[in-house]
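Peer 1: Below you will find the structure I want to go over with you.
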Amino acid sequence: MLNILLKEIKLSASPLAFLFIAFGLMFLLPGYPVLCSAFFVTLGLFQSFQYAREANDTVFSALLPIAKKDVVKGRFLFTCFIELSGFVLMAVCAVLRMTVFVSAAPYVNNALMNANLFALAGALVIFALFNLIFVCGFYKTAYKLGKPFVTYIIAAFLTVGVFEAAHHVPGLEAVNAFGTERFGLQLITLAAGMAVYAGGTALAYAGACARFEKIDL
Amino acid sequence: MSIVEVRGLTKKYPSFELKAASFDVEKGRITGFIGRNGAGKSTTIKSMLNLVHPDGGTVCYFGKPLTGNETEAKKRVGYSTGAVNWYQRKKIRDIVNVVKRFYDTWDEAAYRKYLELFGLDETKTPLELSEGMKVKFNLLIALSHKAEVLILDEPTSGLDPFSRNELLDVFTELKKDGVAVFFSTHIISDIEKCADDIVYISKGKIIAAMPQADFIARHSAPGETLEETMLRLEKE
């Protein structure tokens with residue numbers, strides 16, 4: 001498992017995938033839809049898929065002494081590695097906003113969604129959508145990137161919109177809590193986001209393996 | 001002793017059908033897989049490696065079916081689609097450093113030996129290699145993990161006569177070490193030069209799978225070269 005992940009990191013990955021992890025820092029931006037940072041992290045991953053395809057990675061991987069499903073496993077391991085690295089950075093930023101900068105004027109007067117545990121849950125939902133729609137969709141052909149990526153973009157920005165709008169809905173104001181206010185509720189939403197990410201990724205992996213197995217290379 | 005046993009391999013495409021291909025690849029022998037363009041050579045080879053899904057039939061490596069033993073079989077097989085067409089801009093050294101981690105049998109001394117023998121520079125990228133050197137790079141990887149059988153899809157296509165000759169000499173040397181070489185080609189003189197056995201495919205059907213001497217005895221008219229025999233058989 002480690003070998004196939006190293007293969008992804010050393011050969012298949014675009015440097016942009018690593019660089020775009022830094023977009024996790026956008027969780028510090030006031031007056032900006034913070035969930036876009038999750039989308040930008042996945043944009044780096046998209047570059048990696050494109051780079052690997054142009055490098056004919058599928059044929060290369062077929063040369064290796066691994067089963068076909070392990071080719072898919074390698075790509076998922078790498079995808080999750082980048083997503084979770086981005087998530088850790090977002091989490092650090094969110095914790096800073098919830099503690100050190102909780103009273104900072106730019107954040108208090110922020111018209112948009114607050115960077116709290118609910119926002120982190122939103123980032124995980126966007127990552128789950130990337131894995132389900134784009135990664136699993138890509139393995140239908142192991143070649144065509146456009147259609148699954150455009151579908152993912154639409155789903156991702158609709159999700160950003162829904163999360164941004166949530167606290168304006170009467171009764172849901174609490175999801176925009178500052179600091180440790182309504183901490184129990186924040187934790188529940190984060191746990192739900194984690195469950196969506198884990199379940200969505202597992203489902204995407206199983207679907208991608210089944211699809212890739214059927215492809216004649 | 002059969003290292004690879006192919007039995008009743010079938011694959012149907014809308015415009016082509018591989019019809020129940022059966023043959024063996026023997027240890028320490030060179031098997032030439034010959035047929036004209038579009039005869040089904042690549043489909044057969046890819047089916048032998050689970051790169052395409054056969055509709056029927058079985059492939060066994062070292063007495064075990066490929067299905068269920070894919071990883072184990074692949075560790076003992078060297079496979080090449082001819083020239084290297086992947087990671088064109090990565091250095092050979094970087095590619096090899098990744099590949100070797102997958103093989104318990106990787107032999108660094110053998111790698112250095114063949115690197116020198118083939119005149120490959122590991123600081124170069126595949127893009128900087130000639131077609132012949134790309135084939136040798138593929139062979140370098142296969143030989144460094146001590147592959148017991150090499151399955152090569154048209155390794156001599158696109159090579160100049162000198163490089164082809166060199167490559168066929170390498171096959172002959174490997175044969176002496178007990179390695180089985182199975183290579184497809186549409187160049188009949190390659191077969192004449194080094195193949196012990198012939199598998200002849202035409203329009204998706206295996207016409208003959210036997211030692212070259214038997215093939216000539218059975219199919220060639222007196223005084224006819226192998227090339228003339230093949231051309232006549234294709235016309236028939």
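Peer 1: I'd like to verify a number: residues in segment B:112-132 that are at pLDDT below 90 and either of a type in the set (D, E) or surrounded by fewer than 13 Cβ atoms within 10 Å (Cβ to Cβ) (or both), how many?
Peer 2: Of the residues in segment B:112-132, 2 are at pLDDT below 90 and either of a type in the set (D, E) or surrounded by fewer than 13 Cβ atoms within 10 Å (Cβ to Cβ) (or both).
Peer 1: Okay, next question. List pairs: first residue in segment A:89-111 and in a helix (DSSP H, G or I), second residue surrounded by 15 or more Cβ atoms within 10 Å (Cβ to Cβ) and β-branched (V, I, T) anywhere in the structure, Cβ distance under 7 angstrom, at least six positions apart or on different chains.
Peer 2: A:L89/A:I21
Peer 1: Have a look at B:V99, B:V135, B:V149 and point out the one that is crowded, with 20+ Cβ neighbours inside 10 Å and at pLDDT below 90.
Peer 2: Details: B:V99 fails: at pLDDT below 90; B:V149 fails: at pLDDT below 90.
Unique residue meeting the criteria: B:V135.
Peer 1: Hey, another quick one. Report those strands (runs of 3 or more DSSP E) wholly inside segment B:170-236 carrying at least 3 residues which are hydrophobic (A, V, I, L, M, F, W, C) and in contact (Cβ under 8 Å) with a residue 40 or more places away in the chain.
Peer 2: Numbers: elements: B:180-185, B:197-202, B:205-211.
Counting at least 3 such residues, we get B:180-185, B:197-202.
Peer 1: Tell me the residue from B:Y79, B:Y87 that is at the interface with chain A (Cβ under 7 Å from one of its Cβ atoms), in contact with an Asp or Glu (Cβ under 9 Å, 6 or more places away or on another chain) and part of a loop (DSSP other than H, G, I, E, B), please. Write out each step before concluding.
Peer 2: Values: B:Y79 fails: part of a loop (DSSP other than H, G, I, E, B).
After applying the criteria, what remains is B:Y87.
Conditions (1) within 14 Å of chain B (Cβ to nearest Cβ); (2) farther than 26 Å from A:F78 by Cα; (3) loosely packed, with under 14 Cβ neighbours inside 10 Å; (4) not aliphatic (A, V, I, L, M), marked per residue:
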position: A:I153; (1), (2), (3), (4): no, no, no, no
position: A:A156; (1), (2), (3), (4): no, no, no, no
position: A:A165; (1), (2), (3), (4): no, yes, yes, no
position: A:H168; (1), (2), (3), (4): no, yes, yes, yes
position: A:N176; (1), (2), (3), (4): no, yes, no, yes
position: A:Q186; (1), (2), (3), (4): no, yes, no, yes
position: A:G193; (1), (2), (3), (4): no, no, no, yes
position: A:A198; (1), (2), (3), (4): no, no, yes, no
position: A:A206; (1), (2), (3), (4): no, no, yes, no
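So that you can scan it fast, the table gives a plain yes or no per residue for (1) out of contact with any Gly (no Cβ under 9 Å at 6 or more places or on another chain); (2) modelled with pLDDT of 90 or more; (3) loosely packed, with under 15 Cβ neighbours inside 10 Å; (4) closer than 30 Å to B:E228 by Cα:
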residue: B:G8; (1), (2), (3), (4): no, yes, yes, yes
residue: B:L18; (1), (2), (3), (4): no, yes, no, yes
residue: B:A21; (1), (2), (3), (4): no, yes, no, yes
residue: B:G32; (1), (2), (3), (4): yes, yes, no, yes
residue: B:I45; (1), (2), (3), (4): yes, yes, no, yes
residue: B:H53; (1), (2), (3), (4): yes, no, yes, no
residue: B:Y61; (1), (2), (3), (4): yes, yes, no, no
residue: B:W106; (1), (2), (3), (4): yes, yes, no, no
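Peer 1: Now for a separate question. In segment A:164-217, which residues are among the hydroxyl-bearing types (S, T, Y) and under 30 Å from A:C136 (Cα atoms)?
Peer 2: Filtering segment A:164-217 down to residues among the hydroxyl-bearing types (S, T, Y) leaves A:180, A:189, A:197, A:201, A:205.
Those that are among the hydroxyl-bearing types (S, T, Y) and under 30 Å from A:C136 (Cα atoms): A:T189, A:Y197, A:T201, A:Y205.
Peer 1: Would you point out which residue out of A:S48, A:S85 is surrounded by 20 or more Cβ atoms within 10 Å (Cβ to Cβ) and out of contact with any Cys (no Cβ under 9 Å at 6 or more places or on another chain)? Spell out the reasoning first.
Peer 2: Working: A:S85 fails: surrounded by 20 or more Cβ atoms within 10 Å (Cβ to Cβ).
So the residue among A:S48, A:S85 that is surrounded by 20 or more Cβ atoms within 10 Å (Cβ to Cβ) and out of contact with any Cys (no Cβ under 9 Å at 6 or more places or on another chain) is A:S48.
Peer 1: Let me ask something else. B:E70 - would you say it is away from chain A (no Cβ under 13 Å) and either farther than 21 Å from B:S163 by Cα or surrounded by 20 or more Cβ atoms within 10 Å (Cβ to Cβ) (or both)?
Peer 2: Values: away from chain A (no Cβ under 13 Å): no; either farther than 21 Å from B:S163 by Cα or surrounded by 20 or more Cβ atoms within 10 Å (Cβ to Cβ) (or both): yes.
No.
Peer 1: Can I ask one more? Six or more apart or on different chains, Cβ atoms under 9 Å: show the pairs whose first residue is in segment B:125-142 and without any contact (Cβ under 8 Å) to a residue 60 or more places away in the chain and whose second is part of a loop (DSSP other than H, G, I, E, B) and aromatic (F, W, Y).
Peer 2: Listed pairs, sorted by first residue: B:T125/B:Y87; B:P126/B:W86; B:P126/B:Y87; B:M133/B:F118; B:K136/B:F118; B:F137/B:F118; B:L140/B:F118.
Peer 1: List the residue pairs whose Cβ atoms are under 8 Å apart, where the first residue sits in segment A:193-217 and is without any contact (Cβ under 8 Å) to a residue 24 or more places away in the chain, the second is part of a helix (DSSP H, G or I) and not hydroxyl-bearing (S, T, Y), and the two are 6 or more positions apart or on different chains.
Peer 2: Taking only residues 6 or more apart or on different chains, the pairs are A:D216/B:K46.
The values are calculated or read from the model by the stated rules, or taken from the named source; none is laboratory data. From a predicted model like this one, the values you see are computed outputs, not experimental measurements. Note that we place each Cβ from the backbone using ideal geometry, even for glycine, and neighbour counts take in every protein chain shown.
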